[in-house]
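Undergrad: Following this message is one structure expressed as structure tokens.
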Amino acid sequence: MINPISIISKYYRPGSKAYELLLVHSQQVANKAVEIASQLNGRNIDAGFVEEAAMLHDIGIFLTHAPSLECRGPHPYLRHGVLGGRILNKEGLGRHALVCERHVGAGIARQDVLDQGLPLPAKEMLPVTLEEKIICYADKFFSKNGGAAPREKALDEVVQELRTYGTAQAERFLNWHSSFHEQLSGRGRQLKTASAVK
């Protein structure tokens, strides 16, 4: 077990706006991801890892130019996953680093990097493991908005946002949603079905 907050505190000044925004967002994502993991039956999910990696998935944002988050680094925000991956690799957390690299959007394919000239390494950065998919999925429901109170987005809102980056992004997310929904145990909380927003 690791302490994600102690790792975050090595790179962010506790009490700063960037630190507080990151912690709130990361905790929201971690809570949702752990909830999903706990409701999926018979999948042998590493819930401890899900919580740790969800808390650390955005650790690279301070290296990007995102003034609304008080992040004044030199890199485009799109690179925060790759940059976070480098940080966590240096921390000896290679498995967590892959979550950083693969959580942006609904994952980014190598061909998208090449076709769109994205400022990213030309490699596959799509979630592979179930834990990676759960964290990426949960992340899409929460924004790091410096001005608005944090809230969970509606499913159709998430889908519409992803569609602005391409059909493949939205379809990948909806596939995860359908897969998770089909396996959710009946604990009184049902997610809206993907077909309702197609």
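The values are calculated or read from the model by the stated rules, or taken from the named source; none is laboratory data. As the structure is a prediction and not an experimental result, all values here were calculated from the model. When we count neighbours, we look across all protein chains shown, and the Cβ atoms used for this are built from the backbone with ideal geometry, even at glycine.
Conditions (1) hydrophobic (A, V, I, L, M, F, W, C); (2) modelled with pLDDT of 95 or more; (3) more than 22 Å from Leu118 (Cβ to Cβ), marked per residue:
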site: Asn44; (1), (2), (3): no, no, yes
site: Val50; (1), (2), (3): yes, yes, yes
site: Leu63; (1), (2), (3): yes, yes, no
site: Ser68; (1), (2), (3): no, no, no
site: His80; (1), (2), (3): no, yes, no
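Conditions (1) of a type in the set (Ser, Thr, Tyr); (2) farther than 22 Å from Arg151 by Cα, marked per residue:
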residue	(1), (2)
Met1	no, yes
Pro14	no, yes
Ala18	no, no
Leu21	no, no
Ser26	yes, no
Ala30	no, no
Val50	no, no
Leu63	no, yes
Pro67	no, no
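Undergrad: Take the stretch 43-73 and flag every residue that is within 19 Å of Leu120 (Cα to Cα) and acidic (Asp, Glu).
TA: Residue satisfying the conditions is Asp58 alone.
Undergrad: Output the residues belonging to the stretch 1-51 that are more than 30 Å from Glu182 (Cβ to Cβ), free of Cβ contacts under 8 Å to residues at least 40 places away in the same chain and not aliphatic (A, V, I, L, M).
TA: Selection gives Asn3, Ser6, Ser9, Lys10, Arg13, Pro14, Gly15, Tyr19, Glu20.
Undergrad: Which residue is nearest to Val128 (Cα to Cα), if the candidates are limited to the stretch 34-63 and must be touching a Phe, Trp or Tyr at 6+ places or on another chain (Cβ under 8 Å) and crowded, with 20+ Cβ neighbours inside 10 Å?
TA: Only one residue tops the list, namely Ile36.
Undergrad: Looking at the structure I just gave you, is Gly15 of a type outside the set (A, V, I, L, M, F, W, C) and either crowded, with 22+ Cβ neighbours inside 10 Å or closer than 16 Å to Val104 by Cα (or both)?
TA: Working: of a type outside the set (A, V, I, L, M, F, W, C): yes; either crowded, with 22+ Cβ neighbours inside 10 Å or closer than 16 Å to Val104 by Cα (or both): no.
It is false that Gly15 is of a type outside the set (A, V, I, L, M, F, W, C) and either crowded, with 22+ Cβ neighbours inside 10 Å or closer than 16 Å to Val104 by Cα (or both).
Undergrad: Would you mind listing the helices (runs of 4 or more DSSP H) fully within the stretch 1-80 where at least 1 residues are among the hydroxyl-bearing types (Ser, Thr, Tyr) and more than 16 Å from the chain's Cα centre (by Cα)? Talk me through it step by step, then tell me what you get.
TA: Numbers: elements: 4-11, 17-39, 47-56.
Ranges flagged: 4-11, 17-39.
Undergrad: Can you pull out every residue in the stretch 117-154 that is under 18 Å from Phe173 (Cβ atoms), modelled with pLDDT under 95 and polar (S, T, N, Q)?
TA: Within the stretch 117-154, just Ser143 meets the criteria.
Undergrad: Given the condition charged (D, E, K, R) and at positive phi, answer yes or no: does some residue in the stretch 27-36 qualify?
TA: no
Undergrad: Please specify each residue of the stretch 109-131 satisfying the condition of being of a type in the set (Val, Ile, Thr) and farther than 18 Å from His96 by Cβ.
TA: Val113 - this is the single residue of the stretch 109-131 that is of a type in the set (Val, Ile, Thr) and farther than 18 Å from His96 by Cβ.
Undergrad: So in the stretch 100-118, with the set limited to residues that are farther than 16 Å from His80 by Cβ and not small (Gly, Ala, Ser), which one is surrounded by the most Cβ atoms within 10 Å (Cβ to Cβ)? Break it down into steps so the answer makes sense when it comes.
TA: The initial filter retains those residues of the stretch 100-118 that are farther than 16 Å from His80 by Cβ, namely 109-112, 114-117.
Restricting the remaining residues to those that are not small (Gly, Ala, Ser) gives 110-112, 114-116.
Details: Arg110: 14, Gln111: 11, Asp112: 21, Leu114: 11, Asp115: 10, Gln116: 12.
Step by step, filter the stretch 100-118, then rank; the result is Asp112.
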